[in-house]
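J.: Quick one: the structure is below, questions incoming.
The values are calculated or read from the model by the stated rules, or taken from the named source; none is laboratory data. What you see is a predicted model, and the numbers here were worked out from it, not measured in a lab. Neighbour counts are summed over all protein chains in view; Cβ atoms, including those assigned to glycine, are modelled from backbone coordinates with ideal geometry.
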Amino acid sequence: LGGSISRAIQQMSNATIIDEKVLNECLNEITRALLQSDVQFKLVRDMQTNIKKIVNLDDLAAGHNKRKIIQQAIFNELCKMLDPGKPAFTPKKGKTSVVMFVGLQGSGKTTTCTKYAYYHQKKGWKPALVCADTFRAGAFDQLKQNATKAKIPFYGSYMESDPVKIAVEGVERFKKENCDLIIVDTSGRHKQEAALFEEMRQVSEATKPDLVIFVMDSSIGQAAFDQAQAFKQSVAVGAVIVTKMDGHAKGGGALSAVAATKSPVIFIGTGEHMDEFEVFDVKPFVSRLLGMGDWSGFMDKIHEVVPMDQQPELLQKLSEGNFTLRIMYEQFQNILKMGPIGQVFSMLPGFSAELMPKGREKESQAKIKRYMTMMDSMTNEELDSSNPKLMNESRMMRIARGSGRHIREVMEMMEEYKRLAKIWSKMKGLKIPKKGEMSAL
Ligand code: GDP
Ligand code: MG
């Protein structure tokens, strides 16, 4: 896909006379590429129409950077298509919310329910899981197993066959226990059928969820629109989670799901494990859709803002992929100074969305400072190791004592470290382009 888009753009920039015919050829080629990425035909056609309105032929003819103009227009248009214009309902910590998960069987609902619960639990919430899937044999066992592993309270039954009854009982019980995030997992059946949608309608009516999340497998392709729409017609879907983004699928179906449900994507699933779950970040997602890789914008930025003499060392560390606590410490220093490198790092997908959420800079800075205080109590061996296993409980106890923090906070920092190390490791073996060599798409 990346190849064909680059080719199309290449043809474009090689043409000496930019006229409508060339622009059309270029757009047709990109259309084919996006279709291969599972973006719905109608959406691609809409995008094509919009691009034609946006890209001013006179600008192109006047010799501005044609490639950049078209690239930017396509990128922006796709980002816009992923933004339904209003945010999803966000549960509030300490206040009871009921969140219902819907989606076809195999889409990843049960797995994602646990990830969602675990994600919030780590942030100090009191989540609970309710298994309202009485259709699939073993559904309760699966949820029970996941929940037990994550130490999350759960509710379900082997005997009861009425999903509505279980859902209501579970929600009531956890409301009494003052859980602030009550998550209802539902059945999916094998295909879209009237009985499934009727069941979803009933469960929703009985439990009155604050949020219904549609879970979508990134590999369902062109089926995404109809599937999302069918669920939206029976329950008030308010958010989307796209799973299996670790696979080959580019996830173009997400655009369809957003269009059909008029709801934003809030998280993506990137693996079978509990912590393989990320806050949705539109730019890297679109980059991937276009085959740009998550990192091209990042690399551009490095060349733009990092002083030349600091580039080689930074890029070397990046390409080695070993993220040590010392590197984390240095990057935290940079972020606090908000010097050029700090700006660059705040652009990293995981850094920006989670470590430093917009509008909560003060809190984030305090957290980073707390982490740095704890790292000040580490030995050189600990700081320079990229093996998180080195950090056993007794070392963490010592660090906690040395820095006057609670061991729980040291553990939390190590979780953060592991998460950042994972992001960092994606840069491993990265071919570092020289300035000016960055391919646009
Ligand atoms: P449900 O039928 O909708 O409840 O789907 P499940 O949660 O049972 O998931 C179906 C399969 O997809 C299981 O084997 C999961 O381990 C797998 N799965 C779920 N999410 C992901 C993901 O993000 N990545 C990968 N690789 N597998 C996933
Ligand atoms: Mg399930």
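J.: Can you tell me which residues in the range 134-149 are surrounded by 19 or more Cβ atoms within 10 Å (Cβ to Cβ) and either closer than 11 Å to I183 by Cα or away from ligand 2 (no atom under 12 Å from the Cβ) (or both)?
T.: Result: A147, single match.
J.: Within the range 374-392, how many residues are of a type in the set (S, T, Y) and part of a helix (DSSP H, G or I)?
T.: Result for the range 374-392: 0.
J.: Tell me, which residue of the range 189-209 that is touching a residue at least 40 places away in the same chain (Cβ under 8 Å), more than 15 Å from ligand 1 (Cβ to nearest atom) and within 20 Å of A257 (Cβ to Cβ) is surrounded by the most Cβ atoms within 10 Å (Cβ to Cβ)?
T.: Per the criteria, the residue is P209.
J.: Do the conditions hold for F214, that is, is it at pLDDT 95 or above and in a strand (DSSP E or B)?
T.: yes
J.: Within the set of pairs 6 or more residues apart or between chains, which connect a residue that is among the aliphatic types (A, V, I, L, M) inside the range 164-188 to a residue that is part of a loop (DSSP other than H, G, I, E, B) with Cβ atoms less than 6 Å apart?
T.: Close Cβ pairs (under 6 Å, with a partner that is part of a loop (DSSP other than H, G, I, E, B)) amount to I166/S157; I166/E160; L181/P91; L181/W125.
J.: Just to check your reading of the model, which residue among C113, C131 is part of a strand (DSSP E or B), crowded, with 22+ Cβ neighbours inside 10 Å, within 16 Å of ligand 1 (Cβ to nearest atom) and not charged (D, E, K, R)?
T.: Sole residue among the options that is part of a strand (DSSP E or B), crowded, with 22+ Cβ neighbours inside 10 Å, within 16 Å of ligand 1 (Cβ to nearest atom) and not charged (D, E, K, R): C131.
J.: Do you know which of the residues in the range 218-239 that are outside any loop (DSSP other than H, G, I, E, B) and within 14 Å of ligand 1 (Cβ to nearest atom) is surrounded by the most Cβ atoms within 10 Å (Cβ to Cβ)?
T.: Of everything passing the filter in the range 218-239, F231 is surrounded by the most Cβ atoms within 10 Å (Cβ to Cβ).
J.: Would you point out the residue of the range 69-110, among those that are among the basic types (K, R) and surrounded by fewer than 18 Cβ atoms within 10 Å (Cβ to Cβ), that is nearest to N178 (Cα to Cα)?
T.: Top of the filtered list is K95.
J.: Can I ask one more? Identify all residues within the range 177-210 that are outside any loop (DSSP other than H, G, I, E, B) and out of contact with any helix residue (DSSP H, G or I) (no Cβ under 7 Å at 6 or more places or on another chain); write none if there are none.
T.: Across the range 177-210, the qualifying residues are A194, A195, L196, E198, S204, E205.
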